[in-house]
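Engineer: The structure under discussion is supplied below as structure tokens; questions concerning it will follow.
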Amino acid sequence: MPEITIAEAIRRIQRGDLILPAIQREYVWKPGQVVGLFDSLMRGYPVGGFLSWKVAPETASRFRFYGFMKDFNAFNNRHNPDADPLAGQGVTAVLDGQQRLTSFNIGLRGTYAYKLPRAWSNLASSYPVRRLYLNVLGEAEENEAGLRYDFRFLTDTQLVPHP
């Protein structure tokens with residue numbers, strides 16, 4: 001994939017121009033890994049490259065593809081959606097970098113629902129929907145991971161209104 005910004009990659013994911021070949025594993029990153037990725041980005045650290053495959057229209061119809069996860073839910077939405085390229089349309093399939101691109105998509109546009117501590121794993125209510133937020137008023141508390149920025153996945157009820 002030629003060098004593009006994260007914003008452009010997210011736009012291409014939204015349009016269905018960037019998709020995943022069926023050989024890719026499903027999304028497996030934990031919330032802490034997503035927070036670490038955003039912390040690295042804010043610090044100006046490299047977030048790695050991506051390997052892609054420009055799939056010609058005549059070839060795209062012979063393979064199975066998936067879209068990127070936007071709203072991950074560990075209880076009932078762990079699977080990437082099917083992606084069917086339009087007939088005659090070429091696509092770009094991501095071969096390496098899916099976890100990072102999916103994390104950007106979830107963090108910037110979507111949600112991440114994971115189980116509450118000590119909650120029943122067989123109840124949907126144990127997996128509240130959370131969005132990624134950045135506390136712009138302060139840095140992260142001292143932590144083992146060495147994170148500087150205070151990114152957190154929060155539910156709507158955990159948000160504190162600012163006076």
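The values are calculated or read from the model by the stated rules, or taken from the named source; none is laboratory data. What you see is a predicted model, and the numbers here were worked out from it, not measured in a lab. Please note: Cβ atoms are built from the backbone with ideal geometry, for glycine as well, and neighbour counts cover all protein chains shown. When the accessible area is computed, the model is the full protein with side chains, heavy atoms only, and any ligands, DNA or RNA have been set aside. Shrake-Rupley method; radii C 1.70, N 1.55, O 1.52, S 1.80 Å.
Engineer: For the stretch 77-92, check the following and say yes or no: at least one residue is of a type in the set (Ser, Thr, Tyr) and open to solvent by 70 Å² or more (accessible area, probe 1.4 Å). So that I can check it myself, show each step before the final result.
Structural biologist: Residues of the stretch 77-92 that are of a type in the set (Ser, Thr, Tyr), as a first pass: 92.
Okay, now just the ones that are also open to solvent by 70 Å² or more (accessible area, probe 1.4 Å), so none.
No, the stretch 77-92 has no match at all.
Engineer: While we're looking at this one, here's another question. For the stretch 4-14, what are the residues that are open to solvent by less than 70 Å² (accessible area, probe 1.4 Å) and touching a residue at least 12 places away in the same chain (Cβ under 8 Å)? Before the answer, list the steps.
Structural biologist: In the first step, residues of the stretch 4-14 are kept if they are open to solvent by less than 70 Å² (accessible area, probe 1.4 Å); the result is 4, 6-10, 12-13.
Result: ILE6, ALA9, ILE10, ARG12, ILE13.
Engineer: Could you check ALA119 against (1) open to solvent by less than 40 Å² (accessible area, probe 1.4 Å); (2) over 14 Å from LYS30 (Cα atoms); (3) under 17 Å from the mean Cα position of the chain (by Cα) and say which number it fails?
Structural biologist: (3)
Engineer: Same structure again: Any chance you could count how many residues in the stretch 74-107 are at negative phi, out of contact with any Phe, Trp or Tyr (no Cβ under 9 Å at 6 or more places or on another chain) and touching a residue at least 12 places away in the same chain (Cβ under 8 Å)?
Structural biologist: 4
Engineer: Within the stretch 43-60, take every residue that is part of a loop (DSSP other than H, G, I, E, B) and open to solvent by less than 100 Å² (accessible area, probe 1.4 Å) and give me the one that is nearest to GLN24 (Cα to Cα).
Structural biologist: Pass one, the stretch 43-60, residues part of a loop (DSSP other than H, G, I, E, B): 43-50, 56.
Okay, now just the ones that are also open to solvent by less than 100 Å² (accessible area, probe 1.4 Å), so 43-44, 47-50, 56.
Working: ARG43: 29, GLY44: 28, VAL47: 20, GLY48: 18, GLY49: 17, PHE50: 14, ALA56: 19 Å.
Only one residue tops the list, namely PHE50.
Engineer: Taking into account only those residues within the stretch 15-28 that are under 12 Å from the mean Cα position of the chain (by Cα) and surrounded by fewer than 19 Cβ atoms within 10 Å (Cβ to Cβ), which is nearest to SER103 (Cα to Cα)?
Structural biologist: The first filter runs over the stretch 15-28 and keeps only residues under 12 Å from the mean Cα position of the chain (by Cα), leaving 26-28.
So of that shortlist, the ones also surrounded by fewer than 19 Cβ atoms within 10 Å (Cβ to Cβ) come out as 26, 28.
Details: GLU26: 12, VAL28: 10 Å.
Of everything passing the filter in the stretch 15-28, VAL28 is nearest to SER103 (Cα to Cα).
Engineer: So ASP150 clears everything in (1) at pLDDT 95 or above; (2) more than 19 Å from GLN33 (Cα to Cα); (3) among the acidic types (Asp, Glu) except one condition, right? Which one?
Structural biologist: Every listed condition holds for ASP150 apart from (2).
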